[in-house]
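Everything below concerns the one structure shown next.
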């Protein structure tokens, strides 16, 4: 007698996040961080855009992940413009931190 046990259907990440409040909040923060990056993208020189990634949000602080010291220096100069843009879009960001990404070898 062959008895097959039926496995439950796999859930997508979004479905799983919807079932767990902490995962849902984390998913929302990732989405918001990516939306913020899209909102400021036009402020970044085209050559600099690939070097900047959306990072974590912690209250009114937002972190940008930057690959390289030169890119970080340029982004640092743009922070007042970035904060003004975010404020105009409805996000209250009182500080922007930059974190260097270290390339894997």
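If you go through segment 54-73 and keep only what is more than 16 Å from residue 33 (Cβ to Cβ) and out of contact with any helix residue (DSSP H, G or I) (no Cβ under 9 Å at 6 or more places or on another chain), you end up with 69, 73. Among the residues of segment 1-53, those identified as part of a helix (DSSP H, G or I), in contact with a helix residue (DSSP H, G or I) (Cβ under 8 Å, 6 or more places away or on another chain), modelled with pLDDT under 75 and surrounded by 10 or more Cβ atoms within 10 Å (Cβ to Cβ) are 14, 16, 17, 18.
Of the residues making up segment 22-59, those that are touching a strand residue (DSSP E or B) at 6+ places or on another chain (Cβ under 7 Å) and farther than 17 Å from residue 103 by Cα are 29, 32, 33, 34, 36, 37, 44, 56. For segment 62-71, a residue qualifies if it is in contact with a strand residue (DSSP E or B) (Cβ under 9 Å, 6 or more places away or on another chain) and loosely packed, with under 13 Cβ neighbours inside 10 Å, and exactly one does: 69. Is there a residue being modelled with pLDDT of 95 or more and part of a loop (DSSP other than H, G, I, E, B) anywhere in segment 69-89? Within segment 69-89 (the criterion being modelled with pLDDT of 95 or more and part of a loop (DSSP other than H, G, I, E, B)), the answer is yes, since at least one residue qualifies.
The values are calculated or read from the model by the stated rules, or taken from the named source; none is laboratory data. Keep in mind that what you see is a predicted model, and the values were worked out from it rather than measured. We place every Cβ from the backbone using ideal geometry, glycine too, and count neighbours over all the protein chains shown.
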